[in-house]
1. I'd like the Karplus ³J(HN,Hα) series for the range 84-90: coefficients 6.51, -1.76, 1.60, θ = phi - 60°, whole numbers in Hz, and an x wherever there's a Gly or Pro.
2. Going by average Cβ neighbours within 10 Å, how do the peptides 45-55, 78-88 rank, with the highest at the top?
3. For ARG77, which sequence-distant residues (separation of 5 or more, or a different chain) have an amide H within less than 5 Å of its own amide H, given hydrogens modelled in the peptide plane?
4. All other residues with a Cβ under 13 Å from the Cβ of ALA136 taken together, and with Lys, Arg as +1 and Asp, Glu as -1, what is their net charge?
5. What residues have an amide H closer than 5 Å to that of GLY70, excluding those fewer than 5 places away on the same chain, when H is modeled at 1.01 Å from N in the peptide plane?
6. Residues with beta-carbon under 14 Å from that of ILE69, excluding ILE69: net charge, scoring Lys, Arg +1 and Asp, Glu -1?
Amino acid sequence: QQKQQKQQQQQTNICLNQNKKKPNTTNIMTALSTLNNNTNTKNSVLIIGVTGRTGLACLEKLASRPQSIGGIHALCRNASKLGDFHRGLLDSITEGDARNATDIQRALEQSQATVVLVCVGNGDDVSKSDIRTANAQALV
């Protein structure tokens with residue numbers, strides 16, 4: 001049971017609260033700092049869903065700490081939704097569908113990311129959507 005709890009804690013180290021107006025990105029930097037300390041290398045990060053509120057907040061937080069990050073990369077459906085400022089913070093952008101395993105694999109290969117942040121969601125739309133489930137299935 002302790003092993004199971006430890007695994008669950010590791011899996012939730014990077015947690016995003018989709019229900020807040022301003023996402024909490026503190027846990028992201030803490031988790032990345034821990035990863036960097038354990039590997040003595042800077043981790044490269046792939047943000048899936050970078051054009052939404054949470055994705056942009058994560059991008060800005062990561063970009064504010066360049067000494068902690070080896071690179072910031074994005075997988076998004078429509079790169080034209082990113083303004084020049086946010087494009088300038090990214091090392092690469094891959095267009096694709098977060099529900100498609102082939103698109104995710106392509107983004108991982110192109111970016112060589114060692115960490116993946118999943119920031120997909122419905123935005124302010126409260127209707128049912130399978131985006132999180134489908135993305136999780138495509139990631140595995």
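1. After applying 6.51 cos²θ - 1.76 cosθ + 1.60, I find 4, 4, 5, 4, x, 7, 9 Hz.
2. Result, highest mean first: 45-55, 78-88.
3. It is GLY96, by chain and number.
4. With Lys, Arg at +1 and Asp, Glu at -1, the neighbours total +1.
5. ASN43, SER44, VAL45
6. Working: positive: LYS42, LYS61, ARG65; negative: GLU60, ASP91.
Net local charge, ILE69 excluded: +1.
Quick note: the coordinates plus some simple rules give every number you see, no bench work behind them. Remember, it's a predicted structure, so these values are computed and weren't measured experimentally. No Cβ is skipped: glycine too gets one built from the backbone with ideal geometry, and neighbour counts run over all protein chains shown.
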